[in-house]
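**Q** This structure is in structure tokens; I'll ask about it shortly.
All of the numbers you see were taken from the coordinates with simple rules; none came from a lab. Please read all numbers here as calculations on a predicted model, not as lab measurements. As a convention, Cβ positions derive from the backbone with ideal geometry for all residues, glycine included, and neighbour counts pool all protein chains shown.
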Amino acid sequence: MSVIRLTKEFSFEASHALQGYDGKCSNIHGHSYRLFVTVVGEPINDPLNPKNGMVMDFGDLKKVVNQQIISPLDHSIILPCNSKLLPAIQQCNTQLVITDYQPTCENLLSDFAHRLQANLPSGVSLVALRLHETASSFAQWLREDNI
């Protein structure tokens, strides 16, 4: 049987600020994030299984990513737990996500990888994540670099 990779694209809107950063990103600003999730596995080889021939149903992948990443982060403000902005933002009626890390594109990807790996079905592995902050800027997580 062949090993096949599947990739699904997602998008979400979020803002963040980088605590202590020496540039404009220390201010609250937003991104239209694009996330590409790639998994790998062997297609199911069971004629009685309704998902026969699939590595993973794209709908099932969408459920996992939406539950673990998109729903919690979409239209949120992401701030590190040491942010000086927290007291003011916590008084607002807004969706706030507090992280124990600086919410850079790179750190978000590392967090996403941990969340997704723990929630994929047996026989399916996460192999790549690519997160675009802008049309021309992205970070990438690869399993082969993290073994």
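**Q** Could you give the radius of gyration (one decimal) and Dmax (whole number) of the Cα atoms in region 73-138, in Å?
**A** 14.5, 45
**Q** Could you sort 131-142, 106-117 so that the peptide with the highest average Cβ count within 10 Å comes first and the rest follow in order? Please list the in-between numbers first.
**A** Details: 131-142: 14.8, 106-117: 17.1.
Top of the packing list down: 106-117, 131-142.
**Q** Name the lysines eligible as straight-distance cross-link partners of K84: C-alpha to C-alpha under 27 Å, and not fewer than 8 places from it in the same chain.
**A** Correct list for K84: K24.
**Q** Quick query: amide H of I44 versus all other amide H atoms, modeled in the peptide plane; which residues come in under 5 Å with a sequence gap of 5 or more or a different chain?
**A** G53, M54, V55
**Q** Taking H as built 1.01 Å from N, whose amide H comes closer than 5 Å to the amide H of A128, not counting residues under 5 places away?
**A** It is T38, R143, by chain and number.
**Q** With a cut-off of 8 Å between alpha carbons and a minimum separation of six or more residues, what is the relative contact order of the chain in percent?
**A** Details: 259 pairs, mean separation 40.1, N = 147.
Normalised by residue count, the contact order of the chain is 27 percent.
**Q** Can you compute log10 of I(q)/I(0) for the chain with the Debye formula, treating each Cα as one identical point scatterer, at q = 0.10, 0.13, 0.22 Å⁻¹?
**A** Results for the chain at q = 0.10, 0.13, 0.22 Å⁻¹ read -0.40, -0.63, -1.39.
**Q** Then there's this: Please report how far the C-alpha centroid of region 100-116 lies from that of region 131-147, rounded to the nearest whole angstrom.
**A** One Cα centre to the other: 11 Å.
**Q** Quick query: amide H of S76 versus all other amide H atoms, modeled in the peptide plane; which residues come in under 5 Å with a sequence gap of 5 or more or a different chain?
**A** Those lying under 5 Å, H to H, from S76 are S15.
**Q** So what J values fall out for region 97-114 if you push phi through Karplus, 6.51 cos²θ - 1.76 cosθ + 1.60 with θ = phi - 60°, rounded to Hz, Gly and Pro as x?
**A** Each residue of region 97-114 in turn: 10, 9, 10, 8, 9, 5, x, 7, 4, 5, 5, 4, 4, 4, 4, 4, 4, 5 Hz.
**Q** Would you work out which of V40, G123, C25 lies farthest towards the positive end of the dipole of the chain, given +1 charges on the beta-carbon of Lys and Arg and -1 on that of Asp and Glu, about the Cα centre?
**A** Toward the positive end, the furthest listed residue is C25.
**Q** Which lysines have a Cα less than 27 Å from the Cα of K63, not counting those fewer than 8 places away in the same chain?
**A** Output for K63: K8, K51.
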